[in-house]
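Structure record follows, encoded as structure tokens.
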Amino acid sequence: MNIGMTLPVMEKDLSRDELIGWINAIDQGPWSSIAMGERVVFHNPEFITLLGGVALLTNKVEIIATISVATMHNPALLAKQIATLDILSGGRFTLGVGVGGREEDYNAIGADWSKRRWGNLRDNVNIMKSIWAGQHELQIGPKPIQANGPQILAGALGPKALEISSSFADGIAGFSFNADASEIEESFNLTRKFFRPNPRLMTSFWFALEPGGRVQLKSHLLSYLGWMGSDVAEMLSDTAGFCGSVSELRELLNKISKLGATDILLVPTSKNIDQLKELEEKIF
């Protein structure tokens with residue numbers, strides 16, 4: 001099982017030096033991948049721009065976009081952007097796609113919230129694939145390094161989303177809100193019902209290490225989940241994510257591995273890079 005690390009892009013006031021420090025440490029460490037997700041109405045760096053920087057600053061790790069909300073973007077432009085990222089990364093790029101859940105993000109960039117449907121996502125991905133394969137009516141380059149474009153993973157959870165995404169994706173880029181092995185097992189089993197044999201089974205979750213882990217995690221989630229309302233964010237932050245010792249995290253990772261996970265992406269809730277070093281010393 002591969003273990004990757006998400007950049008702390010949802011932390012406030014990230015500096016250039018902090019970003020470069022995290023990017024270099026992940027690429028030079030034992031991690032299999034470096035990941036980040038998309039959000040518009042928040043203080044995180046812009047998604048595609050930062051992915052380009054990551055592609056140029058790294059040489060080893062897989063670069064995973066988790067998740068690009070492809071239904072709020074023009075598929076031709078997104079195909080061109082992703083092909084460029086594939087070139088900049090030397091063919092190390094993997095694209096996770098989803099429909100998103102924040103209407104404010106759609107509205108902020110003038111996208112149509114009514115397009116937030118898995119059928120529309122399928123159509124957009126198929127347009128992108130036709131562009132990468134050189135089969136689109138318009139010749140839109142550049143040609144990606146990976147044959148016919150990067151691998152596609154779906155941020156799908158329910159049966160309908162999984163059934164639709166199985167027609168265009170190679171697996172799932174899942175997320176466990178409570179970092180719960182039984183929750184992850186249910187997601188994997190449902191995925192196997194719809195996808196062809198041996199889909200890529202990726203999951204991720206927030207983490208914070210003790211001592212002080214729950215305080216750190218709550219602080220992060222009260223900000224990140226603020227769009228849901230302060231009362232809801234407060235309630236959810238009491239139980240969400242993993243909070244414990246490194247040895248307890250190792251036990252959880254072993255459980256998830258036995259469920260057939262191909263990848264786990266850890267999502268930090270602090271930009272303090274010391275936690276990255278501690279995990280490298282004790283997890284691998």
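Computed from the coordinates by the stated procedures, all read-outs in this text should not be read as laboratory data. Not measured: the values here are computed from a predicted model. Virtual Cβ from ideal backbone geometry, glycine too; neighbours counted across all protein chains shown.
Of all residues in region 247-271, which are loosely packed, with under 15 Cβ neighbours inside 10 Å and farther than 30 Å from Pro199 by Cβ?
Ser247
Return the residue satisfying two criteria in turn: it lies in region 113-135 and is surrounded by fewer than 18 Cβ atoms within 10 Å (Cβ to Cβ) and part of a loop (DSSP other than H, G, I, E, B), and of such residues it is nearest to the chain's Cα centre (by Cα).
Arg117
Do we have any residue at all in region 218-233 that's of a type in the set (D, E, K, R), without any contact (Cβ under 8 Å) to a residue 60 or more places away in the chain, out of contact with any Asp or Glu (no Cβ under 9 Å at 6 or more places or on another chain) and part of a helix (DSSP H, G or I)? Walk me through how you get there before you give the answer.
The initial filter retains those residues of region 218-233 that are of a type in the set (D, E, K, R), namely 218, 231.
Next, only the ones that are without any contact (Cβ under 8 Å) to a residue 60 or more places away in the chain stay: 218, 231.
Subset that is out of contact with any Asp or Glu (no Cβ under 9 Å at 6 or more places or on another chain): 231.
Filter once more, so that each one left must be part of a helix (DSSP H, G or I): 231.
Yes, region 218-233 has at least one match.
Give all pairs with beta carbons closer than 7 Å in which a residue from region 143-164 that is over 13 Å from Leu121 (Cα atoms) meets a residue that is part of a strand (DSSP E or B); count only pairs at least 6 apart in sequence or on separate chains.
Pro150/Phe93; Pro150/Thr94; Pro150/Leu95; Gln151/Thr94
Just to check your reading of the model, which residue among Ala179, Ala208 is buried (at least 17 other Cβ atoms within 10 Å of the Cβ), in contact (Cβ under 8 Å) with a residue 12 or more places away in the chain and in contact with a helix residue (DSSP H, G or I) (Cβ under 6 Å, 6 or more places away or on another chain)? Don't jump to the end; show me each part of the working.
Details: Ala179 fails: in contact with a helix residue (DSSP H, G or I) (Cβ under 6 Å, 6 or more places away or on another chain).
Only one candidate qualifies: Ala208.
Quickly run through region 72-119 and pick out the residues that are small (Gly, Ala, Ser) and within 17 Å of Met36 (Cα to Cα). Reasoning before the result, please.
The first filter runs over region 72-119 and keeps only residues small (Gly, Ala, Ser), leaving 76, 79, 83, 89-91, 96, 98, 100-101, 108, 110-111, 114, 119.
Those that are small (Gly, Ala, Ser) and within 17 Å of Met36 (Cα to Cα): Ser89, Gly96, Gly98, Gly100, Gly101.
Quick test for you: out of Thr66, Thr71, Thr58, Thr84, pick the one residue that is in contact with a Lys or Arg (Cβ under 9 Å, 6 or more places away or on another chain) and under 30 Å from Glu137 (Cα atoms). Let's see the steps before the verdict.
On the way: Thr66 fails: in contact with a Lys or Arg (Cβ under 9 Å, 6 or more places away or on another chain); Thr58 fails: under 30 Å from Glu137 (Cα atoms); Thr84 fails: in contact with a Lys or Arg (Cβ under 9 Å, 6 or more places away or on another chain).
One residue alone meets the criteria, Thr71.
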